Amino acid sequence: MAIKGGGFDRKSKAASNIPDSSLADIAFLLLIFFMVTTVFKMGKDRPIEWAQASATEKIDEKIKNILNIWVERDGSVWVNDRNIPLEEVSDIVRPLYAASQRHLVISVRADRDTPYSYIDSVQKELVAAGVVRVVFATMLERQMRGIRR
Amino acid sequence: MAVLNQKKTKANSAIPTSSMADIAFLLLIFFLVTTTFPKDKGLAVVLPEQGEEVAVSQRNILHIIVRVDGIVDLRRGESTSVQQMRPDDIESVWRQEVTANPNLIAAVKTHPDAPHRYMIDVLDALQLAGAERISLQILEEF
């Protein structure tokens, strides 16, 4: 009788198949993670070109307490998918600010080429609404300082 | 043999669990696709409250005037001499100035027609230099 396997018998008795009994556990773990971290988007993004800044930092506030105000190149202002006349920004923001117990952070998302006069008007509207915390949304600018200077 | 305890129905009384993993994966993929991680980033500023205007001695003000072409005019409080520079240079200037006068306030005055990004460049340089007292204004006389 020929020797099975050419004489090379399996010596180890360790199971050779991948254990799949914990597959469902892993799936549920991921499922619960994504369920907890999911935040459904509130409004659509406006097409703007971001300004860049190397001091960019994360906003330290819950997402539901951040209100995005989009300012486009032509000076049109968008809040929550609606185009709003500049003068009405404070009327829109004031009730939202009160509803958030003054926790609201305004993220001014302006196109990099927006003339500053529009930004200044938005700022004045925000001051009129009593808002204190404002963030100028920017993209992080990566720079190699040693080379640039 | 007694037939008393014999089951009549052959239906399985256990809840089927073989499709549980499928359901889990379905939900998993759904939440994977719908997840948006927060990407709110920017330069934080604190606006003054309404009517909260304080008179500041000219000595403690560093006027930073942002022109339409992005070049910055720097004017120290009382003096009338103007120094021109690029926004990047403000960082080192601010560090020097603030060691000389810790009460210094940066008054960033931007030309109404200047693009937003030039103001951001200046604000960026000031924040990199650790400036905390920044006032953002619009340039009125030019």
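Descriptive notes on the structure:
- Of everything in the range A:19-48 that is of a type in the set (D, E, K, R) and surrounded by fewer than 14 Cβ atoms within 10 Å (Cβ to Cβ), the residue that is farthest from residue B:115 (Cα to Cα) is A:20.
- Among the candidates B:17, B:9, B:35, residue that is modelled with pLDDT under 75 and either more than 30 Å from residue B:114 (Cβ to Cβ) or among the hydroxyl-bearing types (Ser, Thr, Tyr) (or both): B:9
- One residue from A:117, A:90, A:121 being touching a Pro at 6+ places or on another chain (Cβ under 9 Å) and of a type outside the set (A, V, I, L, M, F, W, C): A:117
The values are calculated or read from the model by the stated rules, or taken from the named source; none is laboratory data. Note that this is a predicted model, so its numbers are computed, not measured. FYI the Cβ positions are ideal-geometry reconstructions off the backbone, even for glycines, and counts take in every protein chain you see.
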